[in-house]
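Written out below as structure tokens is the structure these notes cover.
The values are calculated or read from the model by the stated rules, or taken from the named source; none is laboratory data. Note that this is a predicted model, so its numbers are computed, not measured. In this analysis, Cβ positions are derived from the backbone assuming ideal geometry, glycine residues included, and neighbour counts consider all displayed protein chains.
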Amino acid sequence: MKAIRIESNGGPEVLRVVDIETPAPGPHEIRVRHHAVGVNFIDTYQRTGLYKVALPSGLGSEAAGIVDAVGDGVTRFKIGDRVAYASSPLGAYSEAHVLNETRALALPESIAFDIAAASMLKGMTARFLLRKTFPVQHGHVVVIYSAAGGVGQIATQWAKHLGAVVIAIVGNASKTAIPMGFGADHVIDSSRENIAARVREITNGEGADVVYDSVGKDTFEASIDSLKVRGMMVSFGNSSGVAPPFSPLLLSQKGSLFFSRPTLTHYTRTTEELDETARDLFDVIEKGAVKIAPPTRYALTDAAQAHSDLEARRTTGSLVLIP
């Protein structure tokens with residue numbers, strides 16, 4: 001079967017298309033024949049070496065498809081079941097992948113494979129951010145960065161569903177209409193507006209209850225300065241580089257702030273947590289509270305182009321690879 005592998009860290013050019021033997025599932029494992037594979041920023045961090053992985057390696061941990069083989073002792077699934085996953089061992093950039101049955105999720109018939117592959121990781125990330133890291137309630141003022149992107153689009157809609165006032169941040173004027181179309185109350189163009197000043201203006205000087213910052217280095221100071229007293233800064237991405245180190249005294253000086261750097265893995269440690277997270281996501285999708293825009297589709301063999309477009313911010317929404 002065809003798969004994408006990296007033998008060294010670097011730019012998109014290190015992604016190689018190779019032919020490998022189709023893996024067989026071991027005990028309590030299933031093999032998923034992919035219909036669509038999700039592309040995420042974390043994949044680029046692993047490719048460049050920002051997040052270390054043992055080399056050579058596959059990439060990708062999110063996909064949707066059909067179970068076409070099961071190992072001994074499997075009880076959650078049978079051959080022919082529709083499944084999706086977002087927390088497998090690396091290697092989803094392939095025609096098929098093997099993972100433990102406890103990390104896969106039954107995919108409702110109402111959700112297409114490409115929509116699932118485009119939304120599982122991003123949607124479950126939005127869920128733990130909004131429901132667990134800082135549980136958003138009606139009336140909270142939330143700031144969401146990269147609101148035209150995959151996580152941002154889902155988080156904007158979900159936060160509005162929860163009754164929040166959403167201040168969406170986008171990187172340029174061409175993207176302002178996207179979060180507005182998903183219900184954002186205010187949109188800030190970071191290429192021409194002072195983020196913290198605009199948040200203070202919108203909130204009559206009070207500041208936001210929570211900032212969800214996926215950008216990192218370039219926006220850290222603006223995010224901290226956008227918070228109200230006892231507000232929470234949630235740093236969950238590094239698209240501009242890693243956020244700078246800081247003294248804990250900064251949190252006191254800026255208003256007894258809270259700071260978290262969470263990751264999905266720690267919010268889906270058990271099968272029960274994973275199932276609960278996915279149920280919440282599938283529920284808001286099926287209700288129409290969260291609409292997943294059709295993803296940009298690339299052939300599996302064009303993974304390098306997908307990475308190049310993602311890093312250059314030439315895309316909006318989600319990207320998927322089609323084997």
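Only one of the listed residues (32, 17, 67, 37) is closer than 25 Å to residue 271 by Cα, outside any loop (DSSP other than H, G, I, E, B) and in contact with a Lys or Arg (Cβ under 9 Å, 6 or more places away or on another chain). That residue is 67. The single condition among (1) touching a Lys or Arg at 6+ places or on another chain (Cβ under 8 Å); (2) not in a loop (DSSP other than H, G, I, E, B) that residue 131 does not meet is (1).
Residues that are polar (S, T, N, Q), within 30 Å of residue 163 (Cβ to Cβ) and not in a loop (DSSP other than H, G, I, E, B) within segment 271-323 comprise just one, 277.
Residues in segment 6-52 that are basic (Lys, Arg) and surrounded by fewer than 19 Cβ atoms within 10 Å (Cβ to Cβ): 16, 33, 52.
Filtering segment 161-182 to residues that are crowded, with 19+ Cβ neighbours inside 10 Å and part of a helix (DSSP H, G or I) leaves 175, 178, 179. Kindly evaluate residue 211 against the criterion of being assigned to a helix (DSSP H, G or I) and touching a helix residue (DSSP H, G or I) at 6+ places or on another chain (Cβ under 8 Å). Spelling it out, it is not the case that residue 211 is assigned to a helix (DSSP H, G or I) and touching a helix residue (DSSP H, G or I) at 6+ places or on another chain (Cβ under 8 Å). Against the list (1) within 19 Å of residue 156 (Cα to Cα); (2) not in a helix (DSSP H, G or I), the condition residue 256 fails is (1).
Can you name the residue in segment 1-55 that is more than 17 Å from residue 299 (Cβ to Cβ) and of a type in the set (Lys, Arg) and is also farthest from the chain's Cα centre (by Cα) among such residues? Filtering first and then ranking leaves 31. If only residues of segment 58-81 that are of a type outside the set (D, E, K, R) and closer than 20 Å to residue 319 by Cβ are counted, the one that is surrounded by the fewest Cβ atoms within 10 Å (Cβ to Cβ) is 58.
When we screen 90, 99, 50 for residues that are touching a residue at least 40 places away in the same chain (Cβ under 8 Å) and not in a loop (DSSP other than H, G, I, E, B), the only hit is 99.
Candidates are the residues of segment 239-263 that are within 20 Å of the chain's Cα centre (by Cα) and buried (at least 19 other Cβ atoms within 10 Å of the Cβ); the one that is modelled with the highest pLDDT is 243.
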